[in-house]
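Report on the following structure.
The values are calculated or read from the model by the stated rules, or taken from the named source; none is laboratory data. Everything numeric in this text was worked out from a predicted model, so none of it was measured. So basically every Cβ, Gly included, is an ideal-geometry build from the backbone, and we count neighbours across all protein chains shown. Surface areas here come from the heavy atoms of the whole protein model, side chains and all, with no ligands, DNA or RNA. Shrake-Rupley method; radii C 1.70, N 1.55, O 1.52, S 1.80 Å.
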Amino acid sequence: CTALKLMEEAGELDQAIGKFRGQSGEKILMDEKEIVDKMAEELLDVAQVAVSMMFVLEESYDINLNEKLQQHIDKLKTKGYIK
């Protein structure tokens, strides 16, 4: 299931962030650049699965992604996150 894969990838991102912050309880054997690089890789995995899931919704449930994207942008503008 795509939703489970999304949660798995989010968990891997959380693990990488925890290592960066020294919260994993294990000795960190990676330097800061390696950890930040790992965080970027995991964040891209999360994004890829999320985008794939949106296309599944579009194809399987006739969701209009362009409309949803515009609604999201409008929400971000209302909250002042973007102009």
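If you go through segment 18-50 and keep only what is β-branched (Val, Ile, Thr), without any contact (Cβ under 8 Å) to a residue 24 or more places away in the chain and open to solvent by less than 50 Å² (accessible area, probe 1.4 Å), you end up with just ILE35. Report yes if some residue within segment 54-68 is in a loop (DSSP other than H, G, I, E, B) and open to solvent by less than 100 Å² (accessible area, probe 1.4 Å); otherwise report no. Yes, because at least one residue in segment 54-68 is in a loop (DSSP other than H, G, I, E, B) and open to solvent by less than 100 Å² (accessible area, probe 1.4 Å).
Can we say GLY25 is in contact with a Gly (Cβ under 9 Å, 6 or more places away or on another chain) and part of a helix (DSSP H, G or I)? Spell out the reasoning first.
Values: in contact with a Gly (Cβ under 9 Å, 6 or more places away or on another chain): yes; part of a helix (DSSP H, G or I): no.
So GLY25 fails the test.
Any residue at all in segment 74-83 that's more than 20 Å from the chain's Cα centre (by Cα), open to solvent by 100 Å² or more (accessible area, probe 1.4 Å) and modelled with pLDDT under 95? Taking every residue of segment 74-83 in turn, at least one turns out to be more than 20 Å from the chain's Cα centre (by Cα), open to solvent by 100 Å² or more (accessible area, probe 1.4 Å) and modelled with pLDDT under 95.
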